[in-house]
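Report on the following structure.
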Amino acid sequence: MAWACAWSIAMRWLIPGLVVFSTIILARLLAPHDFGIIAVAMLMVGFIALLAETGLHLALIRNVQADRQLYDTAWTLSVLQGFILGALIVALAPLAALYFEEPRATAVLYVLALRPFINGLQNIGTVAFLKELDFAKDFRFGIYQKLTAFVVTITLAYVLRNYWALAYGIVTSSVAGAVLS
C-alpha cells in the first residue's frame, strides 16, 4: 500500500510540475496574445466537455461485476460522445470567435475539435488501473502522455513561435493518450 501512495503522490507532484516548467519555457518563446487565443478556445472546449461529462469511467470503477461487454459498451459510448463533442465544437467555433471577438480562434477550435474524438478512442481498459489500484501503471500512463506533449509543444513553440504550437501540443497529448492506452 505504501508504494501505491508513493506512485499517487509522485503523479500529483510531477505532472503539475511539468506543466509549470513548460509554461515557464513557453512564456519565453510565445507572446501573451498566443496564450489568450488558446485560452478562448479552451474555454469553449472545456465548457462543452463539462456539459457532456457522463461518469462512464466512475461507473466502471464502482461496478465490481463489470465484464468485457460492459467495457466494450462504455468504449463505444465514449467514441460516440467524442465524435458528437468534436462536431459540436466545429459547429460552434464561428460563434465562439464572434462572441470573443477573436477570429483566429475559429481555426484553433477546428483543430481542438479533434481532441474529444481522439480522447474517445482511448482504450477504456485504462480505467482498470484505478479500479485495481495499480497506481504505477496509472503514473506511467500519465507521465508518458505529458512528457510526449511537453516535448512536442516546446519543439513546436521554438520552431513556429506562435499559438499553433499550443494547439498542436494539446492535440498531441490526446494522441499520445490514445496510443499509450
| Candidates 91, 176, filtered to the one that is under 28 Å from residue 29 (Cα atoms) and either of a type in the set (Lys, Arg) or at pLDDT 95 or above (or both) | 176
| query | Within segment 74-83, can one find any residue that is touching a Ser or Thr at 6+ places or on another chain (Cβ under 8 Å), hydrophobic (A, V, I, L, M, F, W, C) and surrounded by fewer than 16 Cβ atoms within 10 Å (Cβ to Cβ)? | reply | yes
| note | Exactly one of 121, 85 is out of contact with any Asp or Glu (no Cβ under 7 Å at 6 or more places or on another chain) and either β-branched (Val, Ile, Thr) or at pLDDT 95 or above (or both), and that residue is 85
| field | The one condition in (1) at pLDDT 95 or above; (2) hydrophobic (A, V, I, L, M, F, W, C); (3) in contact with a helix residue (DSSP H, G or I) (Cβ under 8 Å, 6 or more places away or on another chain) that residue 141 fails to fulfil | value | (1)
| said: For segment 77-124: of the residues being out of contact with any Gly (no Cβ under 8 Å at 6 or more places or on another chain) and among the charged types (D, E, K, R), which is farthest from residue 171 (Cα to Cα)? | reply: 101
| query | Tell me, which helices (runs of 4 or more DSSP H) lie completely within segment 96-181 with 2 or more residues that are open to solvent by less than 20 Å² (accessible area, probe 1.4 Å) and more than 22 Å from residue 55 (Cα to Cα)? | reply | 104-112, 135-160, 164-180
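Hey, among 60, 70, 50, which residue is in a helix (DSSP H, G or I) and open to solvent by 100 Å² or more (accessible area, probe 1.4 Å)? Give the steps one after another, and end with the answer.
On the way: 60 fails: open to solvent by 100 Å² or more (accessible area, probe 1.4 Å); 70 fails: open to solvent by 100 Å² or more (accessible area, probe 1.4 Å).
Result: 50 is the single residue among 60, 70, 50 that is in a helix (DSSP H, G or I) and open to solvent by 100 Å² or more (accessible area, probe 1.4 Å).
Those residues that are under 18 Å from the mean Cα position of the chain (by Cα) and open to solvent by 60 Å² or more (accessible area, probe 1.4 Å), I need them from segment 27-38; list them, please.
To start, the set of residues in segment 27-38 that are under 18 Å from the mean Cα position of the chain (by Cα) comprises 35, 37-38.
Listed by number, the list holds a single entry, 35.
The values are calculated or read from the model by the stated rules, or taken from the named source; none is laboratory data. Since the structure is predicted, the reported quantities are computational estimates derived from the model, not experimental observations. Reconstructed Cβ throughout: ideal geometry from the backbone, glycine too, with neighbour counts over all protein chains shown. Accessible surface is based on the protein model in full, side chains and every heavy atom, while ligands, DNA and RNA are left aside. Shrake-Rupley method; radii C 1.70, N 1.55, O 1.52, S 1.80 Å.
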